[in-house]
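A.B. asks: After the structure tokens below, expect a handful of questions from me.
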Amino acid sequence: MRSIQSKVIQPDQLGSVCQALKKSGKTIVSTNGCFDILHWGHLQYLEKARELGDVLICAVNSDRSVQKLKGPSRPINKEMVRARQLAALESVDYVVVFDEDTPNQILDLIKPSLHVKGGDYKPEELPERVVVERNGGKVKCLPLAPGFSTTALIESLKN
């Protein structure tokens, strides 16, 4: 088993890592998100995503992009804490932090066979769909475990 640190890679390493994986015949699945407080819903989702291919690459929003998306009180956990927590999971093969508003630049490097998202999204609503499909991949939405939400968890803790 690889170390947690070796699973967290920089964006400039991503292209060559993915090329090597594809050259060896691996099917790459990608996902992205804030993963601010890792919970059971995330764990189930990531396991399901990993089952869809040989390698799962998780792109994690930077602290700046989480704050832009979720507001000034977020993230709860800093980006490298979130990245290392994800890297500690058996279902996750690589983790990369991205600073843009969307994961499009990262997905252009990964060129996944399949990009998965959780929740109530529809593939046609996702801004990253165009990039994934342009590179020959597909987008799939996986249902999340009911009752698990980072925002709901934070609100529950406040009360």
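A.B. asks: State whether the residues of region 78-85 include one that is closer than 21 Å to GLN13 by Cα, over 14 Å from the mean Cα position of the chain (by Cα), modelled with pLDDT of 95 or more and charged (D, E, K, R).
C.D. replies: no
A.B. asks: Does VAL66 meet the test of being buried (at least 17 other Cβ atoms within 10 Å of the Cβ), touching a Pro at 6+ places or on another chain (Cβ under 6 Å) and of a type in the set (A, V, I, L, M, F, W, C)?
C.D. replies: Details: buried (at least 17 other Cβ atoms within 10 Å of the Cβ): yes; touching a Pro at 6+ places or on another chain (Cβ under 6 Å): yes; of a type in the set (A, V, I, L, M, F, W, C): yes.
Yes; evaluated as a whole, the condition is true for this residue.
A.B. asks: Sort out which residues of region 106-130 are of a type in the set (Val, Ile, Thr) and either over 15 Å from the mean Cα position of the chain (by Cα) or closer than 15 Å to LEU21 by Cα (or both), and write them in order of number.
C.D. replies: ILE110, VAL130
A.B. asks: In region 19-34, what residues are in contact with a strand residue (DSSP E or B) (Cβ under 6 Å, 6 or more places away or on another chain) and buried (at least 20 other Cβ atoms within 10 Å of the Cβ)?
C.D. replies: Of everything in region 19-34, those that are in contact with a strand residue (DSSP E or B) (Cβ under 6 Å, 6 or more places away or on another chain) and buried (at least 20 other Cβ atoms within 10 Å of the Cβ) turn out to be ILE28, VAL29, SER30, THR31, ASN32, CYS34.
A.B. asks: Taking the condition of being over 18 Å from VAL96 (Cα atoms) and in contact with a helix residue (DSSP H, G or I) (Cβ under 7 Å, 6 or more places away or on another chain), how many residues in region 20-55 meet it?
C.D. replies: Residues flagged as over 18 Å from VAL96 (Cα atoms) and in contact with a helix residue (DSSP H, G or I) (Cβ under 7 Å, 6 or more places away or on another chain) within region 20-55 amount to 1.
The values are calculated or read from the model by the stated rules, or taken from the named source; none is laboratory data. Worth saying up front: this structure is predicted, and the values here are computed from it rather than measured. Note: ideal-geometry Cβ built from the backbone for every residue, glycine included; neighbour counts use all protein chains shown.
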